[in-house]
Structures are given as structure tokens and as C-alpha cells.
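Next up is a structure, given as C-alpha cells.
Every number here is computed from the coordinates shown, using simple stated rules; none is lab data. On a predicted model such as this, the values are computed, not experimentally measured, just so you know. Backbone-built Cβ (ideal geometry, glycine too); neighbour counts: all protein chains shown.
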Amino acid sequence: MYTDYRIEHYRQKLEEAIRKNEKVVIFEDPESGRFVQFAIEAEAGEVIVDIPVEQMTETIYQWLSPHMEPAMDSRGNLISLQKNIKAEHLQYAAEFTDWIFTKIYQLPENHKVTDQMFT
């Protein structure tokens with residue numbers, strides 16, 4: 001699966017999730033287990049990229065942290081890095097997702113992606 005196809009796939013799935021009022025979309029590379037998840041806020045017109053700490057090495061955290069905001073639990077512990085994106089910018093959300101997979105997770109250009117969508 002190549003870049004243009006993956007980006008279009010991400011955009012279409014995010015659009016579908018908003019239309020169906022789904023709450024979560026997860027894109028995953030089945031070979032590595034790496035994933036990018038989204039919280040869908042259809043009423044607010046946003047999608048939220050959410051990368052849990054369990055997905056991050058120190059290097060990945062260093063690379064992502066300038067581009068995303070920390071999300072903390074009630075005790076102040078870091079649980080994920082997040083980025084809010086307006087629904088009218090789903091192309092950007094799709095490109096950002098592919099950037100995470102190829103530049104941050106350093107997956108090969110032809111990596112495969114599966115998706116899950118649920119409420």
C-alpha cells in the first residue's frame with residue numbers, strides 16, 4: 001500500500017466516522033503493531049489524533065512532542081500526546097497520520113494498514 005492510497009484511505013475512514021457518529025478510529029500496521037488512533041468529536045467538528053504513551057519510545061516522544069499536546073490523567077501522569085484537527089481539515093489529518101507511520105515510526109514506504117471504527 002503506497003502513500004497516496006493510504007492517505008486517501010485515512011481521509012475516507014475519518015469522513016465516514018464523522019458521518020456515522022463513530023467515536024474511535026484506529027489505523028494499524030499489522031506487521032509492527034504500531035497504530036494511530038483518533039477520537040471523533042462529530043458534534044464539535046473535530047478529530048483528535050491520540051498516541052498513547054505505550055506506543056512511544058523516548059525517541060518517538062521527542063519527535064512527536066513538538067507537534068502534539070500532552071494529555072494527562074487526573075494524577076498528572078502523561079497518558080498520550082494529542083492533536084486536535086478540525087473536521088474540515090481531514091486531508092491534513094490523513095497526511096499527518098501517514099507522516100507518523102513513515103517518519104516517526106519509520107515504517108517502509110509500502111507498509112500495509114488496517115482500520116477499526118467503533119462507538
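Of all the stretches in the chain, which is the longest one without any exposed loop site, taking GluC sites (Glu not before Pro) in a DSSP loop (any state but H, G, I, E, B) with at most 11 other Cβ atoms within 10 Å?
44-108
While we're on this one: Please identify every one of the trypsin sites (Lys or Arg not before Pro) in the stretch 3-97 that sits in a loop by DSSP and has no more than 15 other beta carbons within 10 Å of its own beta carbon.
Of the trypsin sites (Lys or Arg not before Pro), the ones in loops of the stretch 3-97 whose Cβ has at most 15 other Cβ atoms within 10 Å are K20, K23, R75.
What's the lysine pair count for the stretch 3-103 at a Cα cut-off below 21 Å, pairs eight or more apart or interchain?
Summing the qualifying lysine pairs gives 7.
Grab the beta carbon distance between N21 and S65, set R0 = 25 Å, and tell me the FRET efficiency rounded to 0.05.
0.20
What is the extension gain from T102 to E41, computed as 0.36 nm multiplied by their sequence separation minus the C-alpha to C-alpha distance, in nm to one decimal?
19.4 nm
Shifting gears a bit: Go from 0 up to the bin containing the longest alpha carbon distance in the chain, width 5 Å each, and give me the % of pairs per bin.
Pair shares across the bins are 2, 12, 23, 25, 21, 13, 4, 1, 0.
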